[in-house]
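The values are calculated or read from the model by the stated rules, or taken from the named source; none is laboratory data. All figures in this text were calculated on a predicted structure; none of them were measured in a lab. Here the Cβ positions follow ideal geometry from the backbone for every residue, glycine too, while neighbour counts run over all protein chains shown. Keep in mind that these areas ignore ligands, DNA and RNA; they rest on the heavy atoms of the full protein, side chains included. Shrake-Rupley method; radii C 1.70, N 1.55, O 1.52, S 1.80 Å.
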Amino acid sequence: MKEPVEIKPGLFWIGSEDPDLRVFDDLFPTEHGTTYNAYLLKGTDKTAIIDTVDHKYVDEFMDKVRSLVDLATIDYIIVNHTEQDHSGSLAYLLENCPKAVVVSSVAARNFLTNQMHKPFNSQTVKDGDTLDLGGRQLRFIIAPFLHWPDTMFTRLEGENVLFSCDAFAAHYCAPGKIFNDEVDDFTSARHFYFDCIFRPFKDKVLSAVEKIRHDVIDMICPSHGPIIRQDPWKVIQQFETWSKPTSFSKKMFILYISPHGNTESMAKAVFDGASAINGVEVVSYHISHLSSDEVRTLMEEADALIFGIPTINRDIPKPMWDVLAYLSTVKLKTNIAGLFGSFGWSGEACKMAEDRLKGMGFRLPLPAVKSAFTPTDELLTQCEELGRVIAEEVQKKN
Ligand code: FEO
């Protein structure tokens with residue numbers, strides 16, 4: 001849509017549609033494209049813009065703003081989050097809005113300083129601070145790590161509108177449609193978006209939901225996808241449900257790959273050692289039998305993770321590198337890990353994995369058990385010991 005849409009009296013959508021986008025941030029597939037939502041809100045005394053759009057749409061964004069107000073009259077630009085899909089047009093907007101003050105969290109102000117490299121009028125806000133536009137009041141709700149440290153929500157008090165930034169959003173564009181009750185159900189797109197962006201921040205989602213739990217919310221104005229005016233709390237509850245732990249028993253998982261069966265023999269010994277400890281469920285998986293989503297779910301449920309990694313061509317085999325990469329895409333509840341693996345003539349893989357795990361804050365209670373070709377009985381006993389010691393650590397966890 002090239003024109004603003006008045007979604008409530010004096011509140012306008014001034015975003016951009018990007019229906020053909022197929023990969024977001026060079027990372028996430030966007031089967032349904034996306035939108036970059038921005039809003040303009042008029043009070044009786046002051047005018048505020050809430051977020052901007054990706055820079056590739058700066059011209060149509062500026063046209064929308066100019067069609068509504070004289071740029072010189074804009075008082076505030078509220079920045080809920082500084083990722084460039086929302087702040088990408090800010091510098092240009094500021095150049096044309098001489099009296100505008102950027103209102104943001106402290107973290108966002110610092111990030112903008114590093115993005116724009118020029119002075120700008122700014123006002124930082126804390127949780128609960130308010131801003132009066134004349135007859136309309138905004139309240140700020142600091143919601144860090146949804147999904148950057150800078151994130152906040154902005155609430156239009158009295159009218160029960162929540163500008164939720166990336167939260168409660170979806171990469172979903174139905175050109176010409178602005179509200180969720182005008183489009184087909186897009187829960188699956190929302191869930192995929194949650195998995196891509198919010199899965200590592202589930203605890204932050206739950207904290208943010210607690211902050212708004214007692215608020216009446218009639219409309220969610222997110223940064224991506226349709227505005228939610230039908231069943232807004234259903235969407236919040238979806239994010240909450242997807243963020244809650246699904247398992248309460250203690251579990252440890254052995255994830256291995258084994259081209260020649262040697263690392264698999266070690267995995268069986270690790271399993272036997274761990275299984276001797278009461279109160280801990282131990283499951284061993286050859287990673288080729290798991291989908292990427294299953295691997296990520298296991299990682300989130302695990303109270304300990306043990307990786308069986310052979311060395312191939314002086315490296316970790318590619319499928320296991322992929323598994324290790326998933327560690328940063330999930331919300332882990334453990335920092336306990338173990339390593340074992342066979343090798344032929346060099347044996348670098350376990351050390352590489354150890355560096356990766358320690359770099360992510362994991363603790364390895366025992367050194368990696370490494371076997372040159374076929375594991376001896378002595379090495380298999382060390383594998384049993386590895387499993388037993390880690391299972392005991394899990395057993396002791398609260
Ligand atoms: Fe839609 Fe984190 O930016």
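Residues in the stretch 48-75 that are open to solvent by 30 Å² or more (accessible area, probe 1.4 Å), within 23 Å of Asp166 (Cβ to Cβ) and outside any helix (DSSP H, G or I): Asp54 alone. Tallying residues that are open to solvent by 30 Å² or more (accessible area, probe 1.4 Å), over 28 Å from Phe12 (Cβ atoms) and modelled with pLDDT of 95 or more within the stretch 204-221 yields 4. When the stretch 4-33 is limited to residues that are touching a Gly at 6+ places or on another chain (Cβ under 7 Å) and within 22 Å of Phe194 (Cβ to Cβ), the one that is surrounded by the most Cβ atoms within 10 Å (Cβ to Cβ) turns out to be Asp18.
Scanning the stretch 162-195 for residues that are among the hydroxyl-bearing types (Ser, Thr, Tyr) and within 16 Å of the chain's Cα centre (by Cα) turns up Ser164, Tyr193.
Within the set Lys234, Lys177, the sole residue that is open to solvent by 50 Å² or more (accessible area, probe 1.4 Å) and touching a strand residue (DSSP E or B) at 6+ places or on another chain (Cβ under 9 Å) turns out to be Lys234. Only one of the numbered conditions (1) more than 16 Å from the ligand (Cβ to nearest atom); (2) more than 19 Å from Phe168 (Cβ to Cβ) is violated by Ile7, and that is (2). Restricting attention to the stretch 333-350, the residues being over 23 Å from Leu298 (Cα atoms) and open to solvent by 10 Å² or more (accessible area, probe 1.4 Å) number 6.
The residue pairs whose first member lies in the stretch 58-76 and is outside the structural domain of Val103 (by TED's automatic domain parsing), whose second member is aliphatic (A, V, I, L, M), and whose beta carbons are closer than 6 Å, counting only pairs six or more residues apart or on different chains, do not exist in this structure.
Against the numbered list (1) touching a residue at least 24 places away in the same chain (Cβ under 8 Å); (2) under 27 Å from Lys202 (Cα atoms); (3) open to solvent by 40 Å² or more (accessible area, probe 1.4 Å); (4) out of contact with any strand residue (DSSP E or B) (no Cβ under 8 Å at 6 or more places or on another chain), His147 comes up short only at (3). Each residue in the stretch 24-47 was checked for being at pLDDT below 95, outside any loop (DSSP other than H, G, I, E, B) and within 14 Å of the ligand (Cβ to nearest atom), and 2 of them qualify. In the condition set (1) without any contact (Cβ under 8 Å) to a residue 24 or more places away in the chain; (2) within 20 Å of Lys251 (Cβ to Cβ), Asn335 is compliant with all but (1). Is it true that some residue in the stretch 65-79 is within 21 Å of Phe140 (Cβ to Cβ) and within 16 Å of the ligand (Cβ to nearest atom)? So far as the stretch 65-79 goes, yes, one or more of its residues are within 21 Å of Phe140 (Cβ to Cβ) and within 16 Å of the ligand (Cβ to nearest atom). Among the residues of the stretch 80-112, those that are touching a strand residue (DSSP E or B) at 6+ places or on another chain (Cβ under 9 Å) and away from the ligand (no atom under 16 Å from the Cβ) comprise Leu93, Leu94, Cys97, Ala100, Val101, Val102, Val103, Val106, Arg109. What about Met1, is it open to solvent by 10 Å² or more (accessible area, probe 1.4 Å) and under 21 Å from Pro175 (Cβ atoms)? Considered against the rule, which asks whether it is open to solvent by 10 Å² or more (accessible area, probe 1.4 Å) and under 21 Å from Pro175 (Cβ atoms), Met1 comes out as yes. Look at (1) assigned to a loop (DSSP other than H, G, I, E, B); (2) over 30 Å from Gly341 (Cα atoms) and you find that Thr241 fails only one, number (1). When the test is whether a residue is of a type in the set (Asp, Glu) and either touching a Lys or Arg at 6+ places or on another chain (Cβ under 7 Å) or open to solvent by less than 30 Å² (accessible area, probe 1.4 Å) (or both), Glu281 passes it. So for the stretch 215-235 (the condition being among the aromatic types (Phe, Trp, Tyr), on the phi < 0 side of the Ramachandran plot, out of contact with any helix residue (DSSP H, G or I) (no Cβ under 8 Å at 6 or more places or on another chain) and away from the ligand (no atom under 16 Å from the Cβ)), does at least one residue qualify? Yes, the stretch 215-235 contains a residue that is among the aromatic types (Phe, Trp, Tyr), on the phi < 0 side of the Ramachandran plot, out of contact with any helix residue (DSSP H, G or I) (no Cβ under 8 Å at 6 or more places or on another chain) and away from the ligand (no atom under 16 Å from the Cβ).
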